[in-house]
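The values are calculated or read from the model by the stated rules, or taken from the named source; none is laboratory data. These numbers come from a predicted model, not from an experiment. We work out accessible area using only protein heavy atoms, side chains counted, and drop any ligands, DNA or RNA first. Shrake-Rupley method; radii C 1.70, N 1.55, O 1.52, S 1.80 Å.
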Amino acid sequence: MKHKANAMTFLALMLVLFAIDLAVQGSYTLSIALAFFSAVLDGLDGYVARFFKEESNFGRQLDSASDIFIYLVYPTIFFLSAFALSFGEKLSLFIFVCCGVFRLIRFNTFGYSYIGKTRGYMGLPVVFSLYSLFFIWFLPFQGKTYQIMVSNLILGFLMIQKFIFPKVSAIFYILLMLSFGLFSFYVYSAMGVK
């Protein structure tokens with residue numbers, strides 16, 4: 001099959017769209033698990049493209065578009081569905097999405113940044129939004145809506161900064177996403193947590 005990497009990216013996009021649907025229906029924990037599995041596919045598609053020599057501008061644009069859904073739109077819809085948010089808390093989500101889109105466009109325009117010979121990203125990568133969602137959902141915080149507002153404003157602010165965030169191996173992100181996804185699925189299936 002030609003275009004294996006692009007097929008993986010489309011599959012990641014489909015999974016996150018199902019995750020959005022589950023969140024809207026109130027199946028939050030299963031929704032989180034699907035979102036993390038979507039992120040795993042998002043992390044693998046680049047490896048597949050390089051391994052099979054299928055890298056293309058189309059694939060890079062497709063990956064960036066799916067990142068918007070996986071790491072920006074999904075957390076926003078999840079929080080809007082799971083919590084009764086005030087206007088200020090909703091505004092923080094919308095600012096977060098705008099900052100994330102800015103960060104992705106900046107990366108698509110300028111590419112990697114370097115500190116000496118070390119390759120990195122300008123600003124915090126958008127993948128961290130799923131980790132924030134995970135901790136807010138599963139840790140027993142009081143005042144979760146306040147935490148949503150603060151964490152999204154901090155994430156958004158860090159995404160648009162000019163500091164260089166070192167590029168960590170994608171395998172690290174993939175394994176982390178997979179472990180968070182498996183944990184979420186376990187909580188959903190074994191404990192029946194909605």
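Side notes on the structure shown:
- The long axis of helix 57-67 is offset from the longest Cα principal axis of the chain by roughly 10 degrees.
- When 89, 55 are compared by accessible surface with a 1.4 Å probe, the order from highest to lowest is 55, 89.
- Alpha-carbon Rg/Rh ratio, for region 1-44, with Rh computed the Kirkwood way: 1.07
- Lysines whose Cα lies under 24 Å from that of residue 162, excluding same-chain neighbours fewer than 8 positions away: 117
- For region 1-98, the relative contact order is 36 percent, taking Cα pairs closer than 8 Å that sit 6 or more residues apart in sequence and dividing their mean separation by the residue count.
- For the chain, the Rg and Dmax computed from alpha carbons only, in angstrom: 16.5, 50
- Partners for residue 90 among lysines (Cα-Cα distance below 25 Å; same-chain residues under 8 apart left out): 144, 194
- Nearest 10 degrees, 0 to 90: helix 28-51 Cα axis against the chain principal axis: 0 degrees
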